[in-house]
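Novice: One structure, as structure tokens, below. Some questions next.
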Amino acid sequence: MGESVTELTAAVASGDTEAFARFYRGRFDEMYGVARRTTGRDESFCLDVVQDALMRVIRSMKPMDTETHLRAWLRAVVSSCAYDRLRSEARRRRWEQAAAELRPVESPDDGLEERLAWLQDELEHLDAPQARLMMMRYRLGWTLQRIGDAVGLKPGAVDGRVGRVLAALRRRAKESFDE
């Protein structure tokens, strides 16, 4: 039999990183679903909400004795993070609008074509599974769920793999252009 809710939440509350990893794997899809239903926003926004919620879980998890209690608490945490992010986005939009009225129009970056050529070359050298994920995500615009269904993975696993490819590309771009 698997780990009880009480054991898992107590372990996460105590700072056990392995327990948190199990919690993340087991609850990501549920939390993502709550974020989608709460905000009605796009995938990227909802992933940010889930990340915010996971940070709150790390800081404020208490041992809980039932699945019902844990689910209700998680819904409240994700919903609260969603509302916080919506309010923050509204403030940011107001600030950007005010700032845009004050700043002069900027000219396009002269190095853009060089960076685009570099990126094209990097994308052509990805291994086949990485290239397929990136194509489905960014060229076709598929959601994590749709990609996961196509390749036999959960949305959280797809997000992790795409994130690792992007992190590697960012690292190589920094090395290539920040010298």
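Read-outs: derived from the displayed coordinates by stated rules, not from any lab. Since this is a predicted model, take the numbers as computed values, not measurements. Note that each Cβ is placed from the backbone with ideal geometry, even for glycine, and that neighbours are counted across all protein chains shown.
Novice: Using a simple charge model, +1 on the beta-carbon of Lys and Arg, -1 on the beta-carbon of Asp and Glu, nothing else, what dipole does the chain show about its Cα centre, in debye to the nearest 20?
Specialist: Roughly 800 debye, rounded to the nearest 20.
Novice: Taking a ≥ b ≥ c as the square roots of the eigenvalues of the Cα gyration tensor of the stretch 5-102, is the shape rounded (a/c under 1.5), prolate (a/b larger than b/c) or oblate?
Specialist: In terms of gyration-tensor shape, prolate.
Novice: From the square roots a ≥ b ≥ c of the eigenvalues of the alpha-carbon gyration tensor of the stretch 37-160, which class results: rounded (a/c under 1.5), prolate (a/b over b/c), or oblate?
Specialist: Since a/c reaches 1.5 but b/c is at least a/b, the shape of the stretch 37-160 is classed as oblate.
Novice: Picking from LEU119, TRP142, PHE23, whose Cα lies most toward the positive end of the charge dipole for the chain (charges on Cβ: Lys, Arg +1; Asp, Glu -1)?
Specialist: PHE23
Novice: For the peptides 154-164, 83-93, 138-148, what is the packing order when you average, over each peptide's residues, the other Cβ atoms within 10 Å and list the highest mean first?
Specialist: 154-164, 138-148, 83-93
Novice: Please report, in debye to the nearest 20, how large the charge dipole of the stretch 112-173 is about its Cα centre when each Lys and Arg carries +1 at its beta carbon and each Asp and Glu carries -1 there.
Specialist: Approximately 300 debye in magnitude.
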